[in-house]
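Comments concern the structure below.
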Amino acid sequence: MKEKYSAKREMIYEYLSGTKSHPEAEEIYLALKKKNPSLSLATVYRNLAKFVAEGKAIEIVGDNHVVHFDACVAPHYHFSCQQCSRIYDVEMPAMKLDSDKLKEVGQVQRHELVFYGICNQCQQ
């Protein structure tokens, strides 16, 4: 069954796919609430969960254990700053997922890698 069109859903996805900041659900809600006063935080959470389930977004758990979202689903890695809680993309080659060690355990469907530390901006 095809889901019916939702302007709020589209607005949430456009916001997420238009940023590299890896926002939390609350950040998205606060940014979009100004444009659409009827938007609820529950609607934002529900749609983010749908995007993740549909493979349109990924979740990144930051050092503060808060979930951040990213619309870039291509294999890439992240850096989580332990001071400012920002999440950054890390551009480096993706790991090969066809190793014999992985095959001994099972079939890998996806993987994630998050580096934790202090970003350059916070170090200055």
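Tabulated data for the structure shown
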| item | result |
| --- | --- |
| Residues that are exposed (fewer than 10 other Cβ atoms within 10 Å of the Cβ) and either in a loop (DSSP other than H, G, I, E, B) or of a type in the set (D, E) (or both), drawn from the stretch 93-122 | P93, K96, D98, D100, E104, G106, Q107, Q109, R110 |
| Leading residue by the ranking (farthest from N120 (Cα to Cα)) among those in the stretch 48-64 that are open to solvent by less than 20 Å² (accessible area, probe 1.4 Å) and modelled with pLDDT of 95 or more | F51 |
| Residue selected from the stretch 27-36 under the condition open to solvent by 70 Å² or more (accessible area, probe 1.4 Å) and modelled with pLDDT of 95 or more, by the criterion nearest to V73 (Cα to Cα) | E27 |
| Complete set of residues in the stretch 65-83 that are touching a residue at least 12 places away in the same chain (Cβ under 8 Å), open to solvent by 40 Å² or more (accessible area, probe 1.4 Å) and farther than 14 Å from P23 by Cβ | V73, P75, F79, Q82, Q83 |
| Complete set of residues in the stretch 84-111 that are touching an Asp or Glu at 6+ places or on another chain (Cβ under 9 Å) and at pLDDT 85 or above | S85, I87, D89 |
| Flag if Y45 is under 28 Å from Q121 (Cα atoms), modelled with pLDDT of 95 or more, not aliphatic (A, V, I, L, M) and not in a loop (DSSP other than H, G, I, E, B) | no |
| Tabulated pairs, the stretch 84-96, first closer than 18 Å to A71 by Cβ, second open to solvent by 50 Å² or more (accessible area, probe 1.4 Å) and not hydrophobic (A, V, I, L, M, F, W, C), C-beta under 9 angstrom, 6+ apart or interchain | R86/S21; R86/Q121; I87/S21; Y88/K20; D89/K20; A94/P75; A94/H111 |
| Complete set of residues in the stretch 51-79 that are closer than 18 Å to I28 by Cβ and assigned to a strand (DSSP E or B) | I58, E59, I60, V61, V67, H68, F69, D70, H78 |
| Residue among K8, K20 that is in contact with an Asp or Glu (Cβ under 8 Å, 6 or more places away or on another chain), surrounded by fewer than 17 Cβ atoms within 10 Å (Cβ to Cβ) and charged (D, E, K, R) | K20 |
| Residue match in the stretch 44-59 (condition: farther than 19 Å from A7 by Cα and among the β-branched types (V, I, T)) | yes |
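The values are calculated or read from the model by the stated rules, or taken from the named source; none is laboratory data. This is a predicted model, so every value here is computed, not measured. For neighbour counting, all protein chains shown are included, and Cβ atoms are generated from backbone atoms with ideal geometry for every residue, glycine included. Please note that ligands, DNA and RNA were not included when accessible areas were found on the heavy atoms of the full protein model with its side chains. Shrake-Rupley method; radii C 1.70, N 1.55, O 1.52, S 1.80 Å.
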